[in-house]
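Encoded as structure tokens, the structure appears first; notes follow it.
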Amino acid sequence: MEKGRAFVLRLETGEVLHEVLENFSREKKIKNAVVTVVGGIGEGSRMTVGPEIPYDSGIVPIIITLNAPHELTASGTIFQDEEGNPMVHIHGSAGRDGKAVTGCLRTGVIAWLVLEVVLIELIGEGAVRKTYKRTGMKVLEL
């Protein structure tokens, strides 16, 4: 894939990160991208921090909800699913008062004060998020 357009976004307090990125990608007709995020996320933000163990009978995510604003750094990708919808996969670390939590941000990270995104479009074909039968999750297939 080749580098395409580059965008810088500033999210407003209360906006949900993955929703903003997917809507923006749809509006700008972005099929593939890499993203970097830095800034603040608010109370009520949710992160997936791993699967419950054992997971032989299915994957059950462990989701935590932040009880106060945190600082965030994250990176991820955007690729379309089988229906042509842009789908974000982004992981990051959020910290507050010397403690951190790391995980997937797709469950609902909420912008707080300053949340900045650099999105770089990738031009090319062949990458798509397809439903993986064993887990029901949409995973990248090349």
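The values are calculated or read from the model by the stated rules, or taken from the named source; none is laboratory data. What you see is a predicted model, and the numbers here were worked out from it, not measured in a lab. Using ideal geometry, Cβ is built from the backbone for each residue, glycine included, and neighbour counts are taken over all protein chains shown. Calculation scope for accessible area: heavy atoms of the full protein, side chains included, ligands and nucleic acids excluded. Shrake-Rupley method; radii C 1.70, N 1.55, O 1.52, S 1.80 Å.
Between Glu27, Glu12, the distinction of being more than 13 Å from the chain's Cα centre (by Cα) and free of Cβ contacts under 8 Å to residues at least 12 places away in the same chain belongs to Glu27 only. Give the residues of segment 17-41 that are open to solvent by less than 10 Å² (accessible area, probe 1.4 Å), under 15 Å from Asp81 (Cβ atoms) and either out of contact with any strand residue (DSSP E or B) (no Cβ under 7 Å at 6 or more places or on another chain) or not polar (S, T, N, Q) (or both), sorted by residue number. The answer is Leu21, Ile30, Ala33. Of all residues in segment 119-129, exactly one satisfies the criterion of being open to solvent by 70 Å² or more (accessible area, probe 1.4 Å) and either in contact with a Phe, Trp or Tyr (Cβ under 9 Å, 6 or more places away or on another chain) or assigned to a strand (DSSP E or B) (or both), namely Ile123. Out of contact with any Leu (no Cβ under 7 Å at 6 or more places or on another chain), assigned to a strand (DSSP E or B) and modelled with pLDDT of 95 or more, is that true of Val37? For Val37, the condition - out of contact with any Leu (no Cβ under 7 Å at 6 or more places or on another chain), assigned to a strand (DSSP E or B) and modelled with pLDDT of 95 or more - is not met.
Here is a yes/no grid of residues against (1) at pLDDT 95 or above; (2) buried (at least 17 other Cβ atoms within 10 Å of the Cβ); (3) not in a strand (DSSP E or B):
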position: Glu43; (1), (2), (3): yes, no, yes
position: Ile63; (1), (2), (3): yes, no, no
position: Thr73; (1), (2), (3): yes, no, no
position: Gln80; (1), (2), (3): yes, yes, no
position: Val139; (1), (2), (3): no, no, no
